[in-house]
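Report on the structure given below.
Every read-out reported here was derived from the displayed coordinates using simple, explicitly stated rules and does not represent laboratory data. Because the structure is predicted, anything quoted here is derived from the model rather than measured. Don't worry about glycine lacking a Cβ; one is built from the backbone with ideal geometry, like all the others, and counts go over all protein chains shown.
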Amino acid sequence: MSAMSSNNWDRRSILRATMGLAAAGGLAACGGNTGRSEGGASGKALTQYFHAYGEAGTQEAIKRYAKDFDGANVATQWITGSNFESKLFSALLTGNAPDVFEFHPQLQLIKSGQVAPLDDIINPVKDDFNPADIKSHTVDGKIYGVRMIDDPQFFFYRKSMLEKAGVDVPQTLEELAEAADKLTTDKVKGLFLGNNMVSTNYALVWAAGADQLNASNEIAYHTDEVAAALRLYRKMFTSGHLLLDAPADYWDPSALVQGLTAIQWCGMWAMPVMQKALGDDLGIFPFPAAASGAKPAVYNGGWSMFVNAKGKNVDLAKEYVKWLWIDQKKYQEDWALSYGFHVPPRVSIAESADKLKSGLPAEGVKLFTDYGRFDNINWTQAMITALEEVIADAVRKGVDPQKALDTADKKVNRELKKLFG
Amino acid sequence: MSTTTTRDVTRPAPAKVSKAKPRRGVRGSTFNFWLFTGPFLLGLVIFVYIPIGWSLWLSFFEARYTVTPNTFVGFDNYKQMLTNGDFVGALGTFTVFAIIIVPITWALSLGLALMVHRLRFMKAFFRSVFFLPTACSFVAASLIWKMSIFSGVRFGLANTILGWFGVENIAWLANPSPPWYWLVIVTVRLWLQAGFYMILFLAALQNIPPELYEAAAIDGAKPGWQTFRHITLPQLRATSTAVVLLLLVAAYQAFDEFFNLLAKTTWGRPPLVELYYTALGEDQDYGAGSAGAMILTVLICTVTLLQGKFMGFGRGDETK
């Protein structure tokens, strides 16, 4: 008996210790490592936030540029994972907020006084920027961010696969659906629109002849043509011709390079990797028209540098942004062309960018200028989420598109009312 | 039982220890009280009560992209959370999740414990093997489940096995109809937590006095189901209740696997995930998020009180 009870006691104490350890482990996980390095000898320090670019060498490049800046010790936070927005937004509320960060132009950041106007550093070289990039960053006559790179997004396809299946480059969304059907085999899916299919949502709206918002900032995406395009998307989703749940998402060239799909939605940034892997067996085309009379669409995404207006050293941050993204043209060119391909927003750099002058990159630039449309600064994060939920509901879940659009209308209108009254 | 009596006998008689130390007066014990509870209380106030109060305050304000708002909106945030459907849907998702995961984990961990308990050799080995997944992080496990086991491509593990039987590739996570994503979510949590509850059951099993089994055998109970049903299961009742409670709490706290496995969806979002997206995620609406948190708090308090009423928790030993 006594032996047994002492045995029990042992087990219990072990269990208790284990649970104690588990609790302690949970607490330890809360410890903060902000990744900020303390300031240099002068005490001047800046922190910059970047999302994790997929191309090799990008992180080193950003750190190399930063190191060259004499004015301050610049620490780089390279945010991995798919939720850069969340991490950036929550960091901006804290004392550890970045002084400079890359993001897309969004009105709520300006309305809440989060980002500083940068007219004084941009105005001297304003004419050297792509006018569309200036326009998409301007609110009430003030410019709020320095564009670093423009990233057109369109379809990439394997020429050999289309030839073999006897498929021409799709000119309409319906032809794209048919092509996906014909291209699908045991081994290869016809089309990859991304794992959650939200990355094509702007292109879909534009190619259906609509827009997110009209000139007076009212809902413009809720049209019968958009609903019809969503219905077609749903048909494609359920057909089994789409690559779904791929190990890497749309922004990564793997799906096309590894032969999982014949056509993939991706960005110009992935072109060098694709060309290296596939050689000439690669073509591109814009998002095809989804309504009669509508133009094909290309989404000109991209990244801009913003200065945190609530930061500790706004002037120094502005100086750094001016130094790197206005003055240091060799770094800007390196950033746009040496890793992935991006269209340089500076006209002078774009003109001298030989890598984009011939072959497939030149075709990409042509799509960018012919069909590309830029971010609308008035289309903010809550609206982005609302439109993404339309894709989730109408395409993946099978809710009636009109009903899904109605749901989004409520959310978007609530947001519009807050922003514009 | 016999063990307890033996212990009682051997235990030293309660000596008058307190009087042996006259220097320890009331002031000393007050000091010690604060010494031991102070740090904990301080932590409780800073990390629990202040945030709750702040959250309550935020819930009545238009607080977007700020936690120091100044636009009072009354009950608008509450109205928004209760009427827009997402939050109420999240409560439904949690209910479904709890209904699936709690009984399955309970049964599986009990089954594992029974098997390991009967082992005559390599007991420690199997105990460790089943317990080890508990040490794995939910995020890491979710990524393995998402990218290698339940990836939608033909070389994903699950699809490869189905392929042998000529079944088409399944998009486990992308397509919500049929809702295969539940399989992914439930299996990952099962793998991670079953071993831990198995240890709890194992401890309880080893605490059942062998005399009970001997007596049952003499009274003619057949080994196997009959003994299990009438001896083992009733003896495990206290542990079972505790396990079910712990499982419910864990299910309620589920976040990582939902967050990592399901992206850009409108489904499969339990309350914590929904509130994360509302308040801390891309929307940064701290007002609405706090209102949701308050609603959730009221719900949890109600459920806990009801549970105490029906199951007798919190009642002292005397009332039993």
Hull-based mean projected area of region A:73-138, where the convex hull spans the alpha carbons, in square nanometres: 5.9 nm²
Between B:Leu114 and A:Lys417, the two model label points (7 Å from Cα along the beta-carbon direction) sit apart by a distance in nm of 5.8 nm
Specify which residue in the list B:Val184, B:Trp225, B:Val88 is farthest towards the positive end of the charge dipole of chain B, using unit charges on the beta carbon of Lys, Arg (+1) and Asp, Glu (-1), about the Cα centre. B:Trp225
Average projection area in nm² (convex hull over Cα atoms of the protein assembly as shown, one quarter of hull surface): 41.8 nm²
Which part of region B:267-290 falls in the paramagnetic zone of B:Thr68, meaning amide N under 20 Å from the point 7 Å along Cα-to-beta-carbon? B:280, B:284-288, B:290
Report Rg/Rh for region A:153-298, rounded to two decimals, where Rg is the Cα radius of gyration and Rh the Kirkwood radius. 0.97
Here the convex hull volume per residue of chain B, taken over Cα atoms and given in Å³, is 235 Å³
Measuring from label point to label point, each 7 Å out along Cα→Cβ, what is the B:Ala135 to A:Glu174 span in nm? 6.1 nm
Taking the C-alpha atoms of region A:32-181, how large are the radius of gyration and the largest Cα-Cα span, Dmax, in Å? 20.7, 66
Distance between modelled label sites at B:Thr37 and A:Arg64, nm, 7 Å Cα→Cβ extension: 6.2 nm
Which whole number gives the average, over all residues in A:237-249, of C-beta atoms from other chains lying within 10 Å of the residue C-beta? 5
Packing-based exposure ordering (other Cβ within 10 Å, fewest first) of A:Ser239, A:Ser254, A:Ser358: A:Ser358, A:Ser239, A:Ser254
Residue farthest toward the positive end of the dipole of the protein assembly as shown, with Cβ of Lys/Arg at +1 and Asp/Glu at -1: which of B:Thr134, B:Gln253, A:Gln275? B:Thr134
Structure shown: which of A:Lys111/A:Lys318; A:Lys111/A:Lys366; A:Lys276/A:Lys366 lie over 24 Å apart, alpha-carbon to alpha-carbon? A:Lys111/A:Lys366
Do you know the relative contact order of chain B, to the nearest whole percent, from alpha carbon pairs under 8 angstrom that are 6+ apart? 27 percent
What helices does chain B hold that run 15 Å or longer along their axis, going by alpha-carbon atoms, with a Kyte-Doolittle average of 0.5 or more, using DSSP H for the helix calls? B:26-44, B:86-118, B:181-206, B:237-253, B:286-311
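Counting other Cβ atoms within 10 Å of each Cβ, which chymotrypsin sites (Phe, Trp or Tyr not before Pro) in region B:31-138 have at most 16 and sit in a DSSP loop?
B:Phe75, B:Phe121
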Using DSSP H assignments, which helices in chain A have an axial alpha-carbon span of 24 Å or above and a mean Kyte-Doolittle hydropathy of -0.5 or higher? A:2-28
Suppose a student asked you for the relative contact order of region A:153-298, using Cα pairs under 8 Å spaced at least 6 residues apart; what percent would you report? 41 percent
Relative contact order of chain A, please, whole-number percent, based on alpha carbon pairs below 8 angstrom and at least 6 residues apart. 23 percent
For region B:69-156, state what percent of all Cα-Cα pairs lands in each successive 10 Å bin, counting from 0 Å until the bin that includes the largest distance. 12, 20, 28, 20, 12, 6, 2
Pairs from A:Lys235/A:Lys295; A:Lys126/A:Lys295; A:Lys312/A:Lys418; A:Lys44/A:Lys322; A:Lys418/B:Lys79 whose Cα-Cα separation, in the structure shown, is over 24 Å: A:Lys126/A:Lys295; A:Lys312/A:Lys418
Scattering profile of region B:190-284 from the Debye formula, Cα beads only, expressed as log10 I(q)/I(0) at q = 0.13 Å⁻¹, is -0.63
Taking +1 at the Cβ of each Lys and Arg and -1 at the Cβ of each Asp and Glu, which of A:Thr380, B:Gly43, A:Ile122 sits farthest along the dipole of the protein assembly as shown towards its positive end, judged by Cα position relative to the Cα centre? B:Gly43
Taking each pair of distinct Cα atoms in chain A once, what is the resulting Kirkwood hydrodynamic radius in Å? 23.5 Å
Overall Cα dimensions of region A:328-421, principal axis frame, Å, largest first: 49, 32, 23
Calculate the dipole size of region A:153-298 relative to its Cα centre from +1 charges on Lys and Arg beta carbons and -1 charges on Asp and Glu beta carbons; express the result in debye to the nearest 20. 280 debye
